[in-house]
Each structure stands twice: as structure tokens, then as C-alpha cells.
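The values are calculated or read from the model by the stated rules, or taken from the named source; none is laboratory data. Since we're looking at a predicted model, the values are computed, not measured. As a convention, Cβ positions derive from the backbone with ideal geometry for all residues, glycine included, and neighbour counts pool all protein chains shown. Quick note on the areas: whole protein, heavy atoms, side chains included, nothing else; ligands and nucleic acids left out. Shrake-Rupley method; radii C 1.70, N 1.55, O 1.52, S 1.80 Å.
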Amino acid sequence: MGIGRFVFTPILPMMEAQAGLSAQGGADLAIGNYAGYLVGALLGIAFPALTRSSIAFRVTLGVLVASLALMPATTSVVAWSALRLLAGASSALVFVVAVSAMLSGLTGTTRHLAGWGFGGVGAGIALSGVLVAVVRTASTWLQAWWVCAAAVAILAVVAWRLPVGEVRIVEAAGLQQRPRTGKWFTALWVSYALEGIGYIIAGTFLVAAIQYGSSNDIGTMVWIIVGITAVPSCVLWAHLARRWSRPVLLTASLLIQAVGIALPALFGGAAVALVAAGLFGATFMGVSSLTLAIGDHLQTPRAVALLTCGYSVGQILGPLLAAPLLHSGYSQAMLLGSALVLGAAVAAALMCLRFPHQLVDNTSGSSA
């Protein structure tokens with residue numbers, strides 16, 4: 001899923017240089033991918049049987065591989081957008097099925113391993129960066145897509161027999177006396193939706209922004225750093241949550257991410273680029289894991305579904321808002337992304353006011 005959904009970011013500069021893809025075209029492809037992700041997430045919500053079907057899981061893996069392998073078969077932005085939509089939808093379903101299988105298989109003392117499972121997305125990002133970096137030196141954008149499609153096919157073979165099953169559902173005791181947590185959840189939803197807009201601007205254009213006007217190949221290295229730092233990030237933030245309030249940690253992580261997104265727009269140089277990549281990679285998956293944990297703690301019905309939809313809609317809006325700012329480079333778009341993530345931090349900070357920390361999480365017995 002990490003490769004299928006995010007590989008477009010390191011390939012984007014190659015397609016701009018070799019395939020004549022414009023900045024607006026790149027934004028259109030990004031919108032197609034994120035719209036597909038929303039469609040896939042909604043399908044998983046509307047048809048929960050899909051998340052428990054081995055057949056659906058394997059078909060989705062095949063669609064994901066095909067969506068990458070067919071990219072070199074055309075030079076039409078419309079066709080590319082359709083393929084990225086398929087990649088987004090299949091990535092979302094693969095993610096939902098994998099998370100469902102992971103959570104149903106981890107119990108008790110092994111539940112902490114879920115953080116490493118989420119880190120698989122970061123590993124896919126890093127691997128996509130490595131593959132594109134290797135291909136870039138001797139081949140074209142065509143070979144980049146084929147090599148990454150082959151990598152996804154190999155990983156699909158490994159994942160083929162994933163024990164797909166139903167997630168255990170523990171009924172909440174005293175559900176009818178569920179505490180009123182709506183104002184905190186509203187702030188959380190706004191924060192996550194703003195994060196979806198701001199993060200995806202950086203996630204789409206970070207490599208191109210750093211590569212823009214640079215004579216070296218620092219952009220691909222930046223994407224590898226993003227993936228490497230994302231791998232352990234969920235584990236790190238979960239460990240910190242044992243000692244600190246999750247809303248406070250969420251606010252801190254969003255502030256750090258806002259700085260990381262703004263850095264390449266304000267300063268040049270390889271060192272700044274690598275620091276920005278590290279800050280972004282260490283926070284974007286952590287923000288998701290912290291947000292979903294807080295939503296679960298607040299015991300809001302269908303919290304994950306509501307948060308995921310807000311986040312997904314934000315990802316569609318991000319490239320649309322950024323597109324008018326791309327005519328003279330990527331700096332203004334990156335500053336916009338940073339400002340939106342800063343807004344998400346403000347919403348998260350408001351949630352900290354009199355937050356009900358001792359509210360019992362009926363599914364795990366923990367508090368936020």
C-alpha cells in the first residue's frame with residue numbers, strides 16, 4: 001500500500017521532465033489518487049464483508065499491481081488520473097483489510113506490534129524512493145513505473161495468504177450512558193480534516209519542491225528519509241502516549257510537521273531538505289495513529305469512519321487549493337500546507353481544554 005499510493009511523489013519530477021506532465025497535470029493525478037482513496041474507504045465502510053474476504057483482498061492486490069504497470073501504456077492525463085484513482089481505491093481497501101487482520105490477530109502483550117504494522121506504510125514509501133533513485137540513473141519514467149509495479153507484485157505474493165478475518169468487537173458497557181464528548185470530537189475532526197489538506201500538499205509536492213531548481217538528485221533521497229523515519233514513528237508516539245496526554249502529543253506533532261513542511265519553502269540546501277523530510281516522516285503517520293486513538297477514547301459512534309472521511313476529503317481539497325499556486329514553483333503551495341497544518345494544531349490545542357482524560361476506553365481499558 002505504501003508503494004502503490006505514494007510512489008507517484010518520487011516519480012513526479014521524472015514525468016515532468018520526460019513525459020511533459022505539467023504541474024497542473026500532476027495535481028490532477030494527485031486528486032484522482034486521493035478521490036480513489038476516499039472511494040475505497042467508503043466501500044470498506046458500506047460493505048464490511050469486503051474487509052473480511054480473502055477473494056476481495058487478492059483481487060484488490062491485483063488491481064493495485066495493474067494500476068501501476070499500466071501507467072507507461074499512455075500519455076493521457078485523463079487515463080493517468082483514472083489509473084491513479086484505481087490505485088487509491090485499491091490502496092485504501094488493502095489498508096483496511098490489512099489493519100483488520102492485524103488487529104484481530106494481535107492480543108494482550110502483542111498489541112504493541114500494531115505500531116510496526118502501521119510502519120509498513122513508511123517502509124513502502126522508503127522502498128519506492130530507493131527503487132526510483134536506482135532507476136533514475138539509467139532509465140526513464142516508464143521503467144520507474146514498471147519496476148515499482150514488479151515490487152508491488154512481489155510483495156503481493158508474500159501477502160497473498162494473509163489471514164483475513166473479522167475484527168473482534170467488544171461491546172461497550174453502559175453504552176446508553178456514553179459521556180457527552182461531542183465538543184472534543186468536533187475539534188478533533190476539524191484538526192484531522194485540516195491535517196488531511198496540509199499533509200497531502202507536502203506528501204504530493206515535497207520531492208518536486210526540493211528538486212525544483214536543484215542540480216543534484218536530493219529529491220529522491222528526501223523521499224527515502226520520509227519513509228525511513230515514518231517506519232518507527234507510530235511506535236515512538238505510542239510509547240510517548242504512556243507518559244503524556246495524547247491531545248498534547250497530537251498538538252506537538254502537528255506543530256513539528258508544520259515546521260517541517262515550511263522549511264524547504266523558506267530555506268535552501270541539502271541539510272534543510274533532509275531535516276524537513278525527517279520532521280515530516282516522523283509525524284504524518286503518528287498524527288493518524290494519535291487521532292484515531294483519541295477518537296476511540298472519546299467513544300464517539302463510528303469515530304474511525306467519520307475521521308477517515310474528513311481526512312480523505314481533505315486530501316482531495318489539498319491539490320485543488322495548491323494548484324493555483326504552482327505557476328512559479330512550489331514554495332507558496334508548501335507554505336499553504338504548513339499554514340493548514342498549523343491550523344490543525346490550533347484545533348488540537350483547543351481540544352486539550354478540560355479534556356476528559358479519565359474517560360474509560362471500553363475496548364482496551366486505557367485512557368488518553
* Just to be sure, is Trp237 free of Cβ contacts under 8 Å to residues at least 40 places away in the same chain and either farther than 20 Å from Leu336 by Cβ or in a helix (DSSP H, G or I) (or both)? -> no
* **Positions within region 79-119 being open to solvent by 40 Å² or more (accessible area, probe 1.4 Å), modelled with pLDDT of 90 or more and closer than 16 Å to Ala56 by Cα, in sequence order** => Leu86
* Does Leu106 satisfy the condition of being within 30 Å of Thr140 (Cα to Cα) and of a type in the set (A, V, I, L, M)? -> no
* Specify which of the listed residues (Pro247, Pro324) is over 20 Å from Val121 (Cβ atoms) and touching a residue at least 24 places away in the same chain (Cβ under 8 Å). => Pro247
* Asked: Is it true that some residue in region 20-30 is of a type outside the set (D, E, K, R), in a helix (DSSP H, G or I) and open to solvent by 20 Å² or more (accessible area, probe 1.4 Å)?
  -> yes
* To do: Consider Gln143 carefully, then state whether it is at pLDDT below 90, in a helix (DSSP H, G or I) and open to solvent by 20 Å² or more (accessible area, probe 1.4 Å).
  => no
* Structure fact -> Residue count, region 120-140, condition open to solvent by less than 60 Å² (accessible area, probe 1.4 Å) and free of Cβ contacts under 8 Å to residues at least 12 places away in the same chain, comes to 1
